[in-house]
1. Calculate the FRET efficiency for Val143 and Leu53 from the Cβ-Cβ distance with a Förster distance of 35 Å, rounded to the nearest 0.05.
2. With respect to the cross-link table entries Lys249/Lys275; Lys165/Lys187; Lys54/Lys95, which display a Cα-Cα separation exceeding 25 Å?
3. Where does the charge balance sit around Glu102 when Lys and Arg score +1, Asp and Glu -1, over other residues with C-beta under 13 Å from its C-beta?
4. Say each of Glu100 and Glu219 gets a label point 7 Å from the Cα, pointing the same way as Cα to Cβ; how far apart are those two points in nm?
5. All other residues with a Cβ under 13 Å from the Cβ of Pro274 taken together, and with Lys, Arg as +1 and Asp, Glu as -1, what is their net charge?
6. Rounded to the nearest 0.05, what FRET efficiency is calculated for Thr270 and Ala181 with R0 set to 35 Å and r the Cβ-Cβ distance?
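FYI, it's all coordinate maths here, none of it is from the lab. Note that this is a predicted model, so its numbers are computed, not measured. Note that each Cβ is placed from the backbone with ideal geometry, even for glycine, and that neighbours are counted across all protein chains shown.
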Amino acid sequence: MKKYFQSSIYIIFVIVTFLALAKSFMVYENPFNFFENPLVWLTLIGFILVIVLKETINVIAISKATELQNEKDGVVPEAPNAWIQKLLKSWTKSKDIEDEQEIVLDHNYDGIRELDNTLPPWWVYMFYASIVFAIVYLVRFEVLDGDSQIMEYDKAVAEAKAELKKYKSTAPDLITAESVALLTDAKDLGRGKAVFGLNCASCHLADGGGSIGPNLTDEFWILGGGIKNVFTTISNGGRDGKGMIAWNKTLKAVDIAKVASYVISLQGTTPATPKAPEGDKWEEK
């Protein structure tokens, strides 16, 4: 009766584990995330603990019964830690060398004999667990059309982009080409002029008339005028192979915004030796 009771408890735990896995795969996008879905992990851990506890109790019970029988028969008692050895043996089902004759097969290869060892219980339990997992996985992704890895990746990327866009729209110190605004304060333009003189004057001249780089005082722009285009050009660089380098790794975004505003302020000024116009005439929309 006791044996049937233990088997019933074991079967119930298998069913509960299967149902927990099934629910996890059907409800959650990431079923193996412990924080999103602790139920499946707690169930699996409980299932493993029940198996270990069951085997441990069986070994201790058998050891205790053997010890009592030995005392009754006057046999020398076993070592105190003998139950540990029995527990390990119960998880491998291995035969002692002196008992190997019981599992020797008829095969004989030049004196090498084959043993018919029983599969270790730990391996059998893992095999059963893999069957349960395979069934749940099959139902989740093949029958119920669950998201594939590519679909999960696309969703994760979309969520990350949405969060990044939200962050950019609310971060006060984050300046991008979409959020940059033309600065007119004298202090900001003064800082922009200082950055321009240190990094840009060598190609555009101090008055913006142009040398290696184009003239910044006329209405013609190679990559577009206006604060957003100028900010983007300074940040990402000019044309590939012959344009200005990207300054976004050297200058902070706030300084790029200030120097871009200063460049816009040069429009309509008269440089000493203006370079001929390049690009297209820019008209603010």
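1. Step by step, r from the Cβ atoms, then E = 0.50.
2. Too far apart for the 25 Å limit: Lys249/Lys275; Lys165/Lys187.
3. Net charge in that neighbourhood comes out at -2.
4. Placing both labels 7 Å along Cα→Cβ, they lie 9.9 nm apart.
5. Residues close to Pro274 contribute a combined charge of -3.
6. The computed FRET efficiency comes out at 0.80.
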